[in-house]
Amino acid sequence: MGAYAVVVLAGGAARRMGGVDKPARPVGGRPMRDRVLAAVTDATPRVLVGAADAVPTGVLVVREDPPGGGPVAAAAAGLALLGPDTAVVALLAADLPLLTRAAIGDLLNHLDRETPDAEPAHGGPAPAPPAHGGPAPVPPAQDGLVPAHGGLGGERRPDGACFVDGNGRRQSLCGVWRVAALRTALDRLTVERGGSLSGAPVRALLAGLVVREVAWSGEGPPPWFDCDTDEDVRRAEEWAR
(Lines give C-alpha, C1' and ligand atoms only; values in the text may rest on other atoms or scores of the structure.)
Protein backbone atom coordinates (compact mmCIF):
# COMPACT_ATOMS: atom_id res chain seq x y z
CA MET A 1 0.00 0.00 0.00
CA GLY A 2 1.39 3.40 -0.97
CA ALA A 3 0.27 6.88 0.07
CA TYR A 4 -2.22 7.35 2.87
CA ALA A 5 -3.59 10.13 5.06
CA VAL A 6 -4.33 10.12 8.77
CA VAL A 7 -7.10 11.63 10.88
CA VAL A 8 -6.43 11.60 14.63
CA LEU A 9 -9.48 12.11 16.84
CA ALA A 10 -8.63 14.17 19.92
CA GLY A 11 -11.92 15.72 20.98
CA GLY A 12 -13.17 13.36 23.69
CA ALA A 13 -14.36 14.61 27.08
CA ALA A 14 -12.25 12.13 29.12
CA ARG A 15 -14.97 11.87 31.77
CA ARG A 16 -13.27 8.89 33.43
CA MET A 17 -10.19 11.07 33.92
CA GLY A 18 -12.07 14.01 35.38
CA GLY A 19 -12.41 15.91 32.12
CA VAL A 20 -8.69 16.56 31.57
CA ASP A 21 -7.18 17.05 28.11
CA LYS A 22 -6.50 13.35 27.75
CA PRO A 23 -4.57 13.44 24.44
CA ALA A 24 -2.15 15.95 26.01
CA ARG A 25 -1.43 13.64 28.93
CA PRO A 26 2.16 12.39 28.73
CA VAL A 27 3.24 8.78 28.42
CA GLY A 28 6.97 8.20 28.42
CA GLY A 29 7.51 11.96 28.57
CA ARG A 30 5.44 12.79 25.44
CA PRO A 31 1.75 13.71 25.02
CA MET A 32 -0.25 10.76 23.80
CA ARG A 33 -1.45 12.64 20.71
CA ASP A 34 2.17 13.42 19.77
CA ARG A 35 3.08 9.75 20.10
CA VAL A 36 0.23 8.85 17.75
CA LEU A 37 1.27 11.50 15.23
CA ALA A 38 4.88 10.29 15.42
CA ALA A 39 3.75 6.82 14.31
CA VAL A 40 2.35 8.26 11.06
CA THR A 41 4.97 10.80 9.98
CA ASP A 42 4.81 9.43 6.42
CA ALA A 43 1.08 10.13 6.11
CA THR A 44 -0.06 13.08 3.98
CA PRO A 45 -1.86 15.01 5.22
CA ARG A 46 -1.87 14.50 8.97
CA VAL A 47 -5.05 15.91 10.49
CA LEU A 48 -5.78 16.34 14.20
CA VAL A 49 -9.42 16.89 15.13
CA GLY A 50 -9.82 18.61 18.47
CA ALA A 51 -8.42 21.42 20.58
CA ALA A 52 -4.63 21.61 20.65
CA ASP A 53 -2.29 24.34 21.87
CA ALA A 54 0.72 23.03 19.97
CA VAL A 55 1.14 20.29 17.39
CA PRO A 56 4.09 19.05 15.34
CA THR A 57 4.96 21.03 12.22
CA GLY A 58 2.78 20.25 9.23
CA VAL A 59 -0.16 18.85 11.19
CA LEU A 60 -3.53 20.35 10.27
CA VAL A 61 -5.93 21.09 13.13
CA VAL A 62 -9.71 21.29 12.82
CA ARG A 63 -12.64 21.09 15.24
CA GLU A 64 -15.64 18.83 14.91
CA ASP A 65 -19.10 20.40 14.49
CA PRO A 66 -20.32 20.87 17.12
CA PRO A 67 -17.24 20.81 19.38
CA GLY A 68 -17.55 17.72 21.56
CA GLY A 69 -19.92 16.16 19.02
CA GLY A 70 -18.22 12.78 19.23
CA PRO A 71 -15.96 10.61 17.08
CA VAL A 72 -18.20 10.41 14.00
CA ALA A 73 -18.59 14.18 13.81
CA ALA A 74 -14.81 14.41 14.28
CA ALA A 75 -14.16 11.89 11.53
CA ALA A 76 -16.37 13.94 9.18
CA ALA A 77 -14.42 17.11 9.98
CA GLY A 78 -11.11 15.37 9.37
CA LEU A 79 -12.15 13.72 6.11
CA ALA A 80 -13.36 17.09 4.82
CA LEU A 81 -9.71 18.21 4.69
CA LEU A 82 -8.60 15.31 2.50
CA GLY A 83 -8.15 15.85 -1.21
CA PRO A 84 -10.20 13.98 -3.82
CA ASP A 85 -7.22 11.80 -4.73
CA THR A 86 -6.71 10.47 -1.20
CA ALA A 87 -7.75 6.82 -1.31
CA VAL A 88 -6.81 5.50 2.14
CA VAL A 89 -6.91 7.07 5.59
CA ALA A 90 -5.81 5.85 9.01
CA LEU A 91 -8.55 6.75 11.49
CA LEU A 92 -6.98 6.80 14.94
CA ALA A 93 -7.91 7.72 18.48
CA ALA A 94 -5.49 10.19 20.08
CA ASP A 95 -5.03 8.01 23.17
CA LEU A 96 -3.00 5.19 21.57
CA PRO A 97 0.45 5.86 23.08
CA LEU A 98 1.84 2.46 22.06
CA LEU A 99 1.04 2.82 18.36
CA THR A 100 3.98 2.29 15.98
CA ARG A 101 4.65 2.73 12.27
CA ALA A 102 5.12 -1.04 12.04
CA ALA A 103 1.57 -1.53 13.31
CA ILE A 104 0.18 0.92 10.75
CA GLY A 105 2.15 -0.87 8.05
CA ASP A 106 0.61 -4.16 9.11
CA LEU A 107 -2.88 -2.71 8.73
CA LEU A 108 -2.08 -1.19 5.35
CA ASN A 109 -0.70 -4.51 4.12
CA HIS A 110 -3.85 -6.33 5.22
CA LEU A 111 -6.06 -3.80 3.48
CA ASP A 112 -4.05 -4.14 0.27
CA ARG A 113 -3.58 -7.91 0.36
CA GLU A 114 -5.09 -9.84 -2.54
CA THR A 115 -7.73 -12.23 -1.20
CA PRO A 116 -11.06 -13.60 -2.40
CA ASP A 117 -13.90 -11.13 -2.02
CA ALA A 118 -15.83 -11.38 1.21
CA GLU A 119 -19.53 -11.91 1.59
CA PRO A 120 -20.95 -10.19 4.67
CA ALA A 121 -22.12 -12.68 7.25
CA HIS A 122 -25.80 -13.42 7.70
CA GLY A 123 -27.75 -11.29 10.08
CA GLY A 124 -28.78 -12.21 13.56
CA PRO A 125 -28.91 -10.71 17.02
CA ALA A 126 -26.05 -8.28 17.53
CA PRO A 127 -23.64 -9.24 20.32
CA ALA A 128 -24.23 -7.41 23.59
CA PRO A 129 -21.62 -4.71 24.28
CA PRO A 130 -19.23 -5.29 27.19
CA ALA A 131 -20.15 -3.75 30.51
CA HIS A 132 -17.34 -1.18 30.43
CA GLY A 133 -18.49 0.27 27.13
CA GLY A 134 -15.85 -1.09 24.73
CA PRO A 135 -16.64 -2.36 21.25
CA ALA A 136 -18.77 -5.48 21.12
CA PRO A 137 -17.09 -8.70 19.98
CA VAL A 138 -17.86 -9.78 16.44
CA PRO A 139 -17.87 -13.31 15.05
CA PRO A 140 -15.03 -14.41 12.77
CA ALA A 141 -15.62 -14.94 9.08
CA GLN A 142 -13.69 -16.12 6.05
CA ASP A 143 -10.12 -14.75 6.09
CA GLY A 144 -10.95 -12.42 8.96
CA LEU A 145 -13.38 -10.46 6.79
CA VAL A 146 -16.63 -9.52 8.49
CA PRO A 147 -19.28 -6.88 8.02
CA ALA A 148 -19.14 -4.01 10.48
CA HIS A 149 -22.70 -4.92 11.44
CA GLY A 150 -24.75 -8.01 10.70
CA GLY A 151 -26.77 -8.24 7.50
CA LEU A 152 -26.96 -9.71 4.03
CA GLY A 153 -24.89 -8.47 1.14
CA GLY A 154 -23.09 -9.41 -2.02
CA GLU A 155 -19.39 -10.02 -2.48
CA ARG A 156 -17.24 -6.99 -1.74
CA ARG A 157 -13.61 -6.11 -1.18
CA PRO A 158 -12.60 -4.94 2.29
CA ASP A 159 -13.51 -1.36 3.10
CA GLY A 160 -11.07 -1.25 5.99
CA ALA A 161 -8.75 -3.12 8.31
CA CYS A 162 -8.52 -2.67 12.06
CA PHE A 163 -6.99 -4.41 15.03
CA VAL A 164 -8.87 -6.67 17.39
CA ASP A 165 -7.80 -7.16 20.99
CA GLY A 166 -7.09 -10.43 22.75
CA ASN A 167 -10.81 -10.95 23.40
CA GLY A 168 -11.77 -10.45 19.77
CA ARG A 169 -13.17 -6.96 20.32
CA ARG A 170 -12.72 -4.69 17.35
CA GLN A 171 -10.61 -1.57 17.88
CA SER A 172 -12.25 0.51 15.15
CA LEU A 173 -10.29 3.67 15.95
CA CYS A 174 -7.03 1.86 15.32
CA GLY A 175 -7.61 1.08 11.69
CA VAL A 176 -7.16 2.07 8.07
CA TRP A 177 -10.07 2.67 5.73
CA ARG A 178 -10.90 3.40 2.14
CA VAL A 179 -11.87 7.06 2.03
CA ALA A 180 -14.67 6.54 -0.50
CA ALA A 181 -16.32 3.95 1.75
CA LEU A 182 -16.16 6.25 4.79
CA ARG A 183 -17.56 9.20 2.86
CA THR A 184 -20.45 7.10 1.58
CA ALA A 185 -21.10 5.90 5.12
CA LEU A 186 -21.03 9.47 6.46
CA ASP A 187 -23.53 10.58 3.82
CA ARG A 188 -25.84 7.68 4.68
CA LEU A 189 -25.64 8.31 8.41
CA THR A 190 -26.21 12.05 8.00
CA VAL A 191 -29.46 11.33 6.20
CA GLU A 192 -30.49 8.70 8.75
CA ARG A 193 -29.92 11.13 11.62
CA GLY A 194 -31.72 14.06 10.08
CA GLY A 195 -28.62 16.00 9.10
CA SER A 196 -26.62 15.85 12.34
CA LEU A 197 -23.75 13.51 13.21
CA SER A 198 -23.44 14.80 16.78
CA GLY A 199 -23.42 11.90 19.21
CA ALA A 200 -23.46 9.23 16.52
CA PRO A 201 -21.62 6.03 17.54
CA VAL A 202 -18.75 4.67 15.47
CA ARG A 203 -20.57 1.36 15.03
CA ALA A 204 -23.35 3.22 13.20
CA LEU A 205 -20.82 4.78 10.84
CA LEU A 206 -19.22 1.43 10.03
CA ALA A 207 -22.48 -0.51 9.72
CA GLY A 208 -22.44 -2.42 6.44
CA LEU A 209 -18.74 -1.92 5.74
CA VAL A 210 -16.62 -5.03 5.21
CA VAL A 211 -13.71 -5.05 7.63
CA ARG A 212 -10.60 -7.18 7.76
CA GLU A 213 -9.88 -7.88 11.42
CA VAL A 214 -6.20 -8.04 12.34
CA ALA A 215 -4.73 -9.60 15.48
CA TRP A 216 -1.44 -8.00 16.50
CA SER A 217 1.37 -10.53 16.13
CA GLY A 218 4.37 -8.21 16.05
CA GLU A 219 6.92 -7.44 18.71
CA GLY A 220 6.18 -5.15 21.61
CA PRO A 221 2.97 -4.15 23.40
CA PRO A 222 -0.39 -4.09 21.64
CA PRO A 223 -0.62 -0.97 19.45
CA TRP A 224 -4.40 -0.80 19.91
CA PHE A 225 -4.12 -0.21 23.67
CA ASP A 226 -6.08 2.95 24.51
CA CYS A 227 -5.96 4.94 27.74
CA ASP A 228 -9.42 5.61 29.15
CA THR A 229 -8.45 5.62 32.84
CA ASP A 230 -5.56 6.59 35.07
CA GLU A 231 -4.76 2.90 35.47
CA ASP A 232 -4.51 2.55 31.69
CA VAL A 233 -2.00 5.40 31.60
CA ARG A 234 0.09 3.75 34.33
CA ARG A 235 0.07 0.50 32.40
CA ALA A 236 1.10 2.27 29.19
CA GLU A 237 3.94 3.96 31.06
CA GLU A 238 5.26 0.55 32.12
CA TRP A 239 5.12 -0.71 28.54
CA ALA A 240 6.76 2.45 27.19
CA ARG A 241 9.85 2.14 29.42
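The values are calculated or read from the model by the stated rules, or taken from the named source; none is laboratory data. Just so it is clear, the model here is predicted, and its values are computed rather than measured. Ideal geometry is used to build each Cβ from the backbone, glycine not excepted, and the neighbour counts take in all protein chains shown. The protein model used for the area step is the full one, side chains on, heavy atoms only, and it has no ligands, DNA or RNA in it. Shrake-Rupley method; radii C 1.70, N 1.55, O 1.52, S 1.80 Å.
Among the strands (runs of 3 or more DSSP E) confined wholly to segment 155-241, which include 3 or more residues that are closer than 28 Å to Val20 by Cα?
On the way: elements: 160-164, 170-178, 210-215.
Counting at least 3 such residues, we get 160-164, 170-178.
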### Task
Give Ser217, Ser172 a once-over and let me know the one that is open to solvent by 10 Å² or more (accessible area, probe 1.4 Å), of a type in the set (S, T, N, Q) and within 19 Å of Ala74 (Cβ to Cβ).
Ser172
